[in-house]
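For reference, the structure is listed below as structure tokens.
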């Protein structure tokens, strides 16, 4: 038996919601960014000792200047990319204080929900955005990628295809 300890990466992602819009981050500023030129929500890696909610609050404050006052834990996304695993804790938020500021990772913009799918997004993001749109209860979504290509998706342990997700 191996004594090696496996530690997966844990991250957060939140969609700040203002009426029919989400605050999105167009990742354009970081060098060697896996998300370069993609539109994503706000978030990042958990630091040692942080719970998902701690990381959520810190990342939103760092990337937007805002302090969340109301949020909801929506699901866990398991990304498998070329053999590496990441657990992403997905949230939405509808309350905050402070003034939005520029982000050093890209451009922040309020985007109409109906326009999201026309943006450059990861294919798997389109799946969990559908789940958020239908107010799906807490879910587990596993997304397996080979390079930039989504090759498998499982919702709550069942294989699915994007058109038959819900």
> Which of 42, 80, 60 moves most in a GNM of the chain, Cα contacts under 10 Å?
Replying inline: 80
> For region 9-164, what mean projected area does the convex hull of the alpha carbons give, in nm²?
Replying inline: 9.0
> Restricting to region 9-164, what percent of DSSP beta bridges are antiparallel, rounded to 5?
Replying inline: 70
> Could you state the number of Å between the C-alpha centres of region 34-84 and region 88-114?
Replying inline: 11
> Okay, helix-only estimate at 222 nm for the chain: each DSSP H run of n ≥ 4 adds -39500 (n - 2.57), divide by all residues, round to 500 deg cm²/dmol; what do you get?
Replying inline: -4500 deg cm²/dmol
> Where is the GNM fluctuation largest for the chain (alpha-carbon springs, 10 angstrom cutoff): 72, 114, 144?
Replying inline: 114
> Top mean-square fluctuation among 118, 70, 140, Gaussian network model of the chain, C-alpha springs under 10 Å?
Replying inline: 118
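Bear in mind these aren't lab numbers, they're just calculated from the coordinates by the rules spelled out. Only a predicted model underlies this, so the values are computations on that prediction, with no experimental measurement involved.
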